[in-house]
Amino acid sequence: MAAGCLWRRLCQGSAFPVNYASRIMQKQCFLPNSNLMRVQLAGSHADTQEPKTNPLVSISDEPETLYKRLSLLVKGHDKAVLDSYEYFAVLAAKELGISIEKVHKPPKKIERLTLLKSVHIYKKHRVQYEMRTHYLCLELKYLTSSTAAVYLEYVQRNLPEGVAMEVKKTKIEKIPEHIQEPVWDTLPQVEETEVKS
């Protein structure tokens, strides 16, 4: 009753356009089927029985691949960038509901290069340059293939410059049928003979 009064008031002489009023009415009036779409035709409104279809979502009958562990090894030369990226990757995993097994930092690798400062003599005068490679390892556990694909695409698209990533996936597979039964049950039994001496 109140919704009808509001509808008349909005359509007669309000400052809101009719499209806004129809959106308000669509939110307030519940449709019996949630799969229905609202169709507007040149000033009239009609509910049709057209089901919603999303062309981006694909449905398949094959089962999802399960991963026991997904290990991300991120390496870069700037420690501050890696710390910031660690915060981002952990936050993204928490938002997707992925359980994080552990986050650890393997020891950094230092590569040194020594050069002579002088062209001819003065062998004692040298310059040393070094490249430090910092590592970050992020291990996630118990993922489906679709969740892993979404997470990896999101994390890899936001990878900062000068940072590389290695991904290792540990897949959970069913035990093959020829291994399920113990081998000792299928072997023929050997008769024991007594040895007299």
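Using a Förster distance of 22 Å, how high is the FRET efficiency between LYS79 and SER118, based on the Cβ-Cβ distance and rounded to 0.05?
0.05
Counting only protein heavy atoms, what percent of the accessible surface of the range 111-197 is carbon or sulfur at a 1.4 Å probe?
52 percent
Quick one: net charge around GLU139, please, counting Lys, Arg +1 and Asp, Glu -1 for every other residue with C-beta under 13 Å from its C-beta.
Every neighbour counted, the sum reads +4.
By average Cβ neighbour count within 10 Å, what is the ranking of 77-86, 110-119, 94-103 from highest down?
Put in order of decreasing packing, that is 77-86, 94-103, 110-119.
What dipole magnitude, in Debye to the nearest 20, does the range 107-197 give about its Cα centre under +1 on Lys/Arg Cβ and -1 on Asp/Glu Cβ?
1540 debye
The values are calculated or read from the model by the stated rules, or taken from the named source; none is laboratory data. These figures come from a predicted structure and were not determined experimentally. Here the Cβ is made from the backbone with ideal geometry for all residues, glycine too, and neighbour counts use every protein chain on show. Note: accessible area is taken over every heavy atom of the protein model, side chains too, but ligands, DNA and RNA are not part of it. Shrake-Rupley method; radii C 1.70, N 1.55, O 1.52, S 1.80 Å.
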